[in-house]
1. How large is the convex hull of the C-alpha atoms of segment 79-172 per residue, in Å³?
2. Which value, in Å² and to the nearest 10, is the accessible area of residue 87 when all protein chains are kept and the probe is 1.4 Å?
3. Taking a 1.4 Å probe, which of 64, 73 shows the most accessible area, and what order do the others take after it?
4. Largest first, how would 133, 109 line up by accessible area (1.4 Å probe)?
5. Kirkwood hydrodynamic radius of segment 121-210 from all distinct Cα pairs, in Å?
6. Over segment 77-169, what relative contact order in percent results from Cα pairs under 8 Å that are six or more residues apart?
7. Pairs of alpha-carbon atoms within less than 8 angstrom and 6+ residues apart define the contacts here; what relative contact order does the chain have, in percent?
8. Can you compute the modelled spin-label distance between residue 134 and residue 72, with each label point 7 Å from Cα toward Cβ, in nm?
Amino acid sequence: IQPLSFGRLAYEKRKMGEDVAKLLKGKNLHVDISSRWEDRVGGSAWLDFLSKCKATLGVESGASVFDLDGTLSSRCKTAEKKYGPIREDAEYAEQFLGELTDIEGKIHYNQIAPRHFEAAATRTLQIMYPGRYSDIFIPGRHYIELARDHSNIAHVLALLGDEPHRLQIVDRAYEDIINNPKYGIETFVQHFDNLVTQILHKKRLSCPIK
């Protein structure tokens, strides 16, 4: 459970799980959703767990509030005085985040996360809120898009229950992304090295070493 001072984007990860868990109650599905530290699964056990799941929920990673003027801490303290000590319920979160609305989303820091690659690697269908996902995962092709107001939850569940369609999506995500050298560590290192070389070259031109 991430601090509310990270903004709505970080809170959305927890809220999505809580909201969807409530919507799926009584739907005859085996659901295991939690944001609590004590429920975390780590190491190879996480990949084993994920590979046994038909689907997993997902949102973009990152934070949507940044302390650009050094006042975030005092603003959060003011919110706590106004609404009481930090609680985990949705009502408190909405009130707290309401105090940060004017600095919400000033910097777009929404990014893809390792968990998206892990799900694709284990061929686990991803059900995710709308987002860019670093322009790597494409809705309808690599994951199923769930509206933030959950208005299409029935359609999403129908797609989840369509096994040929589910397998088609997870296979595409595996082939397009996991098997794509573009997203491998070797390509990343080469890209990093090239950027460093370019920067060094530019600095030598503008600031020759004496």
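The values are calculated or read from the model by the stated rules, or taken from the named source; none is laboratory data. Just so you know, these numbers come straight off a predicted model, no measurement behind them. As a convention, Cβ positions derive from the backbone with ideal geometry for all residues, glycine included, and neighbour counts pool all protein chains shown. Just so you know, the surface numbers come from the protein's heavy atoms only, side chains and all, with ligands and any DNA or RNA stripped out. Shrake-Rupley method; radii C 1.70, N 1.55, O 1.52, S 1.80 Å.
1. Details: hull volume 12.6 nm³, N = 94.
In segment 79-172, the Cα hull volume divided by residue count equals 134 Å³.
2. Here the accessible area works out near 100 Å².
3. The ranking, largest first, comes out as 73, 64.
4. Working: 133 0, 109 110 Å².
Largest accessible area first, the residues go 109, 133.
5. On the way: mean 1/r = 0.0627 Å⁻¹.
When all Cα pairs of segment 121-210 are included, the Kirkwood radius is 16.0 Å.
6. Values: 62 pairs, mean separation 16.6, N = 93.
Over segment 77-169, the number comes to 18 percent.
7. Numbers: 223 pairs, mean separation 40.8, N = 210.
Value for the chain: 19 percent.
8. 2.1
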